[in-house]
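S.K.: Starting off with a structure, shown below.
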Amino acid sequence: MALDNANETGGLKLYVDLGSQPARAVTIFCRVNKIEAHEIGVDLRKLENRTPEFRKINPMGLVPCIDDHGFKLHESHAIMRYLATTHNVADHWYPKDPQKRALVDAALDWHHLNLRKYGSQLVINRVLVKVPAHKNFFPNLGEETRKSLADDASKTLPQILDALELMLEHGKFLHNADLVSIADLSLCCELTQLQLLDKDDHKNMLEHRKRITTWMADVKDATNPEFTDVHQAIFNYSKHVEELRAQGNFF
């Protein structure tokens with residue numbers, strides 16, 4: 001991460017690691033909407049987000065975050081709301097109509113304490129902590145604690161996915177919308193992370209939930225080729241995880 005060079009670059013700066021679900025959502029949003037942003041990679045596995053230089057940009061030490069001519073902002077939902085209202089972005093992404101906007105906001109707020117919380121909890125504790133390259137990245141909570149967290153998430157996440165199915169009961173996108181919103185994009189990027197689970201876990205979570213799988217395909221279609229391009233890193237990483245499983249190299 002060349003922060004010195006980044007500081008010399010004018011315009012909107014976007015700090016991301018494309019292994020991060022929220023970072024992917026913001027990156028796709030910017031690319032699809034032709035928002036000119038200088039994308040600056042922050043390698044989480046190398047702990048570049050914990051350096052004093054990066055914490056000057058985001059004291060939370062998280063990605064994504066932006067620096068828009070000196071205005072610094074973190075949290076992916078806040079960033080997309082901000083960019084949708086400060087750039088020439090189609091209204092369907094973040095509608096001006098108060099009721100339609102409130103529904104998008106409701107889905108975004110629901111996301112953090114439901115889909116993101118338990119989806120991440122499951123993937124981290126059942127997959128990522130077992131990858132040798134991540135050995136020093138996550139806190140050492142002990143195998144029993146990790147198993148308990150993963151089991152809790154695996155029991156809770158299906159209930160959350162059932163709720164999402166109901167949110168998709170009418171219309172092509174969330175809340176009976178005909179066009180994609182920042183909520184659709186954010187939630188879809190979150191669910192894409194579940195492909196890191198083993199095939200049985202992934203199948204049990206998603207295969208029989210037809211509304212969700214159809215909606216995910218629709219979000220992808222609405223944001224391609226950017227969606228596929230940005231997710232290439234996670235697609236490649238998923239293959240790497242499968243190879244580790246096959247070789248018995250999970251620690």
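The values are calculated or read from the model by the stated rules, or taken from the named source; none is laboratory data. Remember, it's a predicted structure, so these values are computed and weren't measured experimentally. For neighbour counting, all protein chains shown are included, and Cβ atoms are generated from backbone atoms with ideal geometry for every residue, glycine included.
S.K.: Report yes if VAL241 is within 17 Å of GLN21 (Cβ to Cβ) and in a loop (DSSP other than H, G, I, E, B), otherwise no. Before you say what the answer is, go through the steps one by one.
M.R.: On the way: within 17 Å of GLN21 (Cβ to Cβ): yes; in a loop (DSSP other than H, G, I, E, B): no.
It is false that VAL241 is within 17 Å of GLN21 (Cβ to Cβ) and in a loop (DSSP other than H, G, I, E, B).
S.K.: Is there any pair with a first residue in the stretch 208-231 that is within 19 Å of ALA23 (Cβ to Cβ) and a second that is part of a loop (DSSP other than H, G, I, E, B) whose Cβ atoms are under 9 Å apart and which are 6 or more apart or on different chains, and what are they?
M.R.: Partner pairs satisfying both residue conditions: VAL219/VAL180; THR223/VAL180; VAL230/LEU18; HIS231/LEU18.
S.K.: Residues to consider are VAL241, VAL180; find the one that is closer than 27 Å to HIS92 by Cβ, surrounded by 14 or more Cβ atoms within 10 Å (Cβ to Cβ) and outside the structural domain of LEU47 (by TED's automatic domain parsing).
M.R.: The unique qualifying residue is VAL180.
For every residue, the table says whether it meets (1) assigned to a helix (DSSP H, G or I); (2) more than 26 Å from ARG45 (Cβ to Cβ).
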| position | (1), (2) |
| --- | --- |
| VAL123 | yes, no |
| ALA133 | yes, no |
| PRO139 | no, no |
| GLU144 | yes, no |
| GLU165 | yes, yes |
| ASP218 | yes, yes |
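S.K.: Out of LEU149, LEU185, report the one residue that is part of a helix (DSSP H, G or I), in the same structural domain as LEU128 (by TED's automatic domain parsing), modelled with pLDDT of 95 or more and closer than 24 Å to GLN99 by Cβ.
M.R.: From the options LEU149, LEU185, the qualifying one is LEU185.
S.K.: I need a count of the residues in the stretch 63-113 that are within 14 Å of the chain's Cα centre (by Cα), buried (at least 19 other Cβ atoms within 10 Å of the Cβ) and in a helix (DSSP H, G or I).
M.R.: 6
S.K.: Considering only residues that are more than 17 Å from ILE234 (Cβ to Cβ) and touching a residue at least 60 places away in the same chain (Cβ under 8 Å), which ones fall in the stretch 107-129?
M.R.: Of everything in the stretch 107-129, those that are more than 17 Å from ILE234 (Cβ to Cβ) and touching a residue at least 60 places away in the same chain (Cβ under 8 Å) turn out to be ALA107, LEU108, HIS111.
S.K.: When the residues of the stretch 12-55 are narrowed to those that are charged (D, E, K, R) and part of a helix (DSSP H, G or I), which ends up surrounded by the fewest Cβ atoms within 10 Å (Cβ to Cβ)?
M.R.: ARG50
S.K.: Moving to a separate point now. Within the stretch 114-146, restricting attention to residues that are of a type in the set (S, T, N, Q) and under 28 Å from LEU161 (Cα atoms), which residue is surrounded by the most Cβ atoms within 10 Å (Cβ to Cβ)? Show your work before the answer.
M.R.: Step one: list which residues in the stretch 114-146 are of a type in the set (S, T, N, Q), which gives 114, 120-121, 125, 136, 140, 145.
Imposing the further condition that a residue be under 28 Å from LEU161 (Cα atoms) reduces the set to 114, 120-121, 125, 145.
Values: ASN114: 19, SER120: 15, GLN121: 17, ASN125: 22, THR145: 12.
Within the stretch 114-146, the match that is surrounded by the most Cβ atoms within 10 Å (Cβ to Cβ) is ASN125.
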